[in-house]
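This report refers to the structure that appears directly beneath it.
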Amino acid sequence: MTREHTELLAELEKLCFARPWSQKALLDEVDNPNAYFVTAVDGDIVLGYGGMHCACKEYYMDNVAVFGHHRRKGVGSAIVEALAAEAKRRGGEFISLEVRPSNAQALRLYTRLGFAEEGRRRNFYSNPTEDALLLTRRF
């Protein structure tokens, strides 16, 4: 992810999430040594993005978002695989994420990519209130 991508990615955040990250929040991540963010592009067209943070060789995926007209074309899979590969390359023990139980499409994607449910965070999400499933892929 580059600074040039952050304005458009902030708009994508608004389309995908109840509590979207601002452009400033995304800009702050560009130079964060504990973060790794990727943008999926096709030429000059931004398709989506994803990011993660590291603490003690444990990697936590923050967001994966793909513009609607680019979904179901492998973009999300490519983003998740790029993040997982980088976490493993850096010596990570695992990569985890939270997902809404109602997000069947995301659950299918993460399960197909080797993530397994390892916990639940009660009332984690708002708008609407919902638990989060904690999914992990171990290396």
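The values are calculated or read from the model by the stated rules, or taken from the named source; none is laboratory data. Everything numeric in this text was worked out from a predicted model, so none of it was measured. Neighbour counts run over all protein chains shown; Cβ positions are idealised from the backbone, glycine included. We work out accessible area using only protein heavy atoms, side chains counted, and drop any ligands, DNA or RNA first. Shrake-Rupley method; radii C 1.70, N 1.55, O 1.52, S 1.80 Å.
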TODO: Quick one: go through segment 28-63 and flag any residue whose amide nitrogen is under 11 Å from the point 7 Å out along the Cα-to-Cβ line of residue 2.
DONE: 44
Open item on the list: Under 8 Å for C-alpha pairs, at least 6 residues apart: give me the relative contact order for the chain, rounded to a whole percent.
Closed with: 17
- [ ] Please work out how much length the chain gains when fully extended from residue 34 to residue 121, using 0.36 nm per residue of separation minus the C-alpha to C-alpha distance, in nm with one decimal.
- [x] 29.0 nm
Open item on the list: Please list 36, 110 from largest to smallest accessible area, probe radius 1.4 Å, with all protein chains kept in place.
Closed with: 36, 110
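Ordered by packing density, taken as the mean number of other Cβ atoms within 10 Å over each peptide's residues, highest first, how do 57-67, 37-47 rank? Let's see the in-between values first.
On the way: 57-67: 19.6, 37-47: 15.0.
Most protected by this proxy first, the peptides run 57-67, 37-47.
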TODO: Two decimals is fine: what's Rg over Rh for the chain, C-alpha atoms, Kirkwood radius as Rh?
DONE: 0.93
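Quick check on the chain: helices-only [θ] at 222 nm, where DSSP H runs of length 4 and up contribute -39,500 (n - 2.57) each and the sum goes over total residues. Nearest 500, please. Intermediate values should be presented prior to the final figure.
On the way: 4 runs with 43 residues, N = 139.
Per the formula, -9500 deg cm²/dmol.
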TODO: Just need the Rg to Rh number for segment 1-70, please, alpha carbons only, Kirkwood Rh.
DONE: 0.96
Task: Where labels lie 7 Å past Cα in the beta-carbon direction, separation of residue 103 and residue 24 in nm - done: 2.5
